[in-house]
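Worksheet: the structure to be examined is printed underneath.
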Amino acid sequence: PYRLNILLAGMNPFYFHAVNVILHCLVTLVLMYTCDKAVFKDCRLAFVTALFFAVHPIHTEAVTGIVGRADVLACLLFLLAFLSYNRSVDQLYVGEHFPPTASPFFLLLSLFLGTCAMLVKETGVTVFGVCLVYDFFSLSCNGLKLRNGVIHQRSARQPVASPSATLQVAPAGRENGKHRFAHRGTWGSCHPASPAEPRSSGLSVPSKAMWAIQSYLTANNNQNFLYTARPFLKRAALVISYVILVLYFRFWIMGGSMPMFSEQDNPASFSPYLLTRFLTYSYLLAFNAWLLLAPITLCYDWQVGSIPLVESIWDVRNLATVFLVLVMTLLSLHCIAAFKKLEHKEVLVGLLFLVFPFIPASNLFFRVGFVVAERVLYMPSMGYCILFVHGLKKLSTWLSKWRITVLTLFALLLLLFSWKTVKQNEIWLSRESLFSSGVKTLPHNAKVHYNYANFLKDQGRNIEAIYHYKTALKLYPRHASALNNLGTLTKDVVEAKDYYRRALQLNPQHNRALFNLGNLLKSQGKKEEAVILLRDSIKYGPEFADAYSSLASLLAEQ
């Protein structure tokens, strides 16, 4: 996409940003279409979900920052792959099996789009997991639901003499022994013979969930599950095999190794204590959920001290983790309880879209290069918006007398989110406004002080730059680059040499510090030491042209 941008419009940044905004608009439209076809029965709820997604402030970094195009484009391909997979399954099938694959073309297209999403952004590969879970819990159950719904209707009117006699009363056309009904693929249950349904008034959500699981597991006593689920299992085997193949391909592209990160990128992953890593990772899940729920404090960089490590079980922040676990557990139980009876599937799709795309960024399977990154919440925010609108619908139903008030508050929330998005975009207008906002928002973050100091240094405002470099070192004394840059601004040669040596003690492969110290020793006539340092600078920074030039001039003098 970037190369195409350059071919069509050169290096003009306006067109890079314009393409990002266009992609965000496309994602919003496709999300509305997806919600209309696969989530909500009411198209107005799909529109409200898309509207809420469009103005959410958490998307500012992904849409405004040019590098965020990877997240936006991957999200678009994610939705297209999901829609293609749904199209490949015969949702009008009624029979004893799970619905077969109606269109191999759309199934292969979903694999292709999912692969493109993964190549754009690693999180795109999670669409295959979403498709399979949605297939099993929603698409594959619709056929069984309708089939058994026909049986129940028939049995309510007259005794059933045989399975063939039962199937003859289906009020629909017959094609190759398969019955088809024009329905919209509602979220319903697989209703084979099951335990008597308990009355909902006297049961809690966990009790309903346990009853749903029990009735589902005991529903097909007279049928072999593997035989019944054969069409789904074929699709699952194809998708899983393909995912293993593309993940191996992706790993091969990366040279057979995972990216290397430093401690300042993700401090928790470098902690030697398992409890600290577990508690911090768990709290970060709650923190990301809070950013989606209330995007009040937003920053372009959350590294180096932005979120202190959770080192004790008595840390009050663990309450946020417990609360998140409680909420997710209740949502999951509600989803399971709805498996047998509820006609909507907002909770299922909302949880899938919220959880699956965030798994690669959760540190569960491999180390990531950030503490919190707002851009990686672009895809999970779809699930949050679906769950939010579903909750809003429930709330307006429960508070029918106050429905106007609820809708008015939601309209105010949309306006508030829109205002916050506009203000965040103003922050991204220039390098100075972006870096200065980081210092104001997260003054305890060493990285934002370092970035702002780099900007001040480039502007020739050396006194201010020295202040922010020193502030960064107070917050994170192991910041080798801050020590190196501080040495370049120090007029005292002895003090500058000390900064360079301290930087090299922290990072012996810091090619800039090697270069600066080599030049300083060169100016003092210590040419042999200077040659060694400059050669090391070239060794650890092969594309650092200044090191070659300085070494060449030094060798020429000899």
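With a 1.4 Å probe rolled over the protein heavy atoms of all chains, the accessible area of Trp290, Trp302 falls in the order Trp290, Trp302, largest first. Among the listed pairs Lys497/Lys527; Lys497/Lys539; Lys457/Lys539; Lys470/Lys497; Lys393/Lys420; Lys394/Lys420, those whose Cα-Cα separation exceeds 18 Å are Lys497/Lys539; Lys457/Lys539; Lys393/Lys420; Lys394/Lys420. For segment 431-557, the solvent-accessible area with a 1.4 angstrom probe is 52 square angstrom per residue. When its C-alpha radius of gyration is set against 2.2 N^0.38 Å (N residues), segment 419-505 gives a value of 1.19. Peptides 509-520, 391-402, 420-431 ordered by packing proxy, namely the average of other Cβ atoms within 10 Å per residue, highest first: 509-520, 420-431, 391-402. The share of accessible area on segment 431-557 that comes from carbon and sulfur is 50 percent, using a 1.4 angstrom probe.
Spatially, segment 406-420 and segment 261-292 are offset by 32 Å when compared through their Cα centroids. Could you tally the net charge around His56, taking each other residue with its Cβ under 11 Å from the Cβ of His56, Lys/Arg +1 and Asp/Glu -1? For residues surrounding His56, the net value is 0. A Förster radius of 45 Å, combined with the Cβ-Cβ distance separating Lys423 from Leu554, puts the computed FRET efficiency at roughly 0.30. Per-residue surface analysis assigns Ile296 an accessible area of about 110 Å², computed on protein heavy atoms at 1.4 Å probe radius. Accessible surface ranking for Phe353, Phe287, 1.4 angstrom probe, highest first: Phe287, Phe353. For the peptides 467-474, 82-89, 100-107, 403-410, the ranking by packing is 82-89, 467-474, 100-107, 403-410, with the highest mean count of neighbouring Cβ atoms within 10 Å listed first.
Under 20 Å of direct C-alpha separation, and excluding same-chain neighbours fewer than eight residues apart, Lys37 reaches these aspartates and glutamates: Asp90, Asp135, Glu343, Glu346.
Phi angles across segment 413-427 convert, under the Karplus curve 6.51 cos²θ - 1.76 cosθ + 1.60 with θ = phi - 60°, into 3J(HN,Hα) values of 5, 4, 5, 5, 5, 4, 5, 5, 5, 4, 5, 5, 5, 5, 5 Hz, Gly and Pro given as x. Which values of log₁₀ I(q)/I(0), to two decimal places, follow from the Debye formula for segment 56-128 at q = 0.11, 0.14, 0.15, 0.22 Å⁻¹ with a uniform point scatterer at every Cα? The Debye formula, applied to the Cα set alone, gives -0.36, -0.51, -0.56, -0.87.
Order 498-506, 110-118 from most to least packed using the mean count of other Cβ atoms within 10 Å.
So the order, starting with the most tightly packed, is 110-118, 498-506.
Measuring between their Cα centroids, segment 1-71 and segment 496-558 lie 46 Å from each other.
Going 7 Å from the Cα of Val67 along its beta-carbon direction, which residues of segment 444-470 have the amide nitrogen within less than 20 Å of the resulting point? Only 445-458 pass the distance filter.
The values are calculated or read from the model by the stated rules, or taken from the named source; none is laboratory data. The structure displayed is predicted, hence computed values, not measured ones. A quick note on method: Cβ atoms are made from the backbone with ideal geometry, for glycine too, and the neighbour counts reach across all protein chains shown. When the accessible area is computed, the model is the full protein with side chains, heavy atoms only, and any ligands, DNA or RNA have been set aside. Shrake-Rupley method; radii C 1.70, N 1.55, O 1.52, S 1.80 Å.
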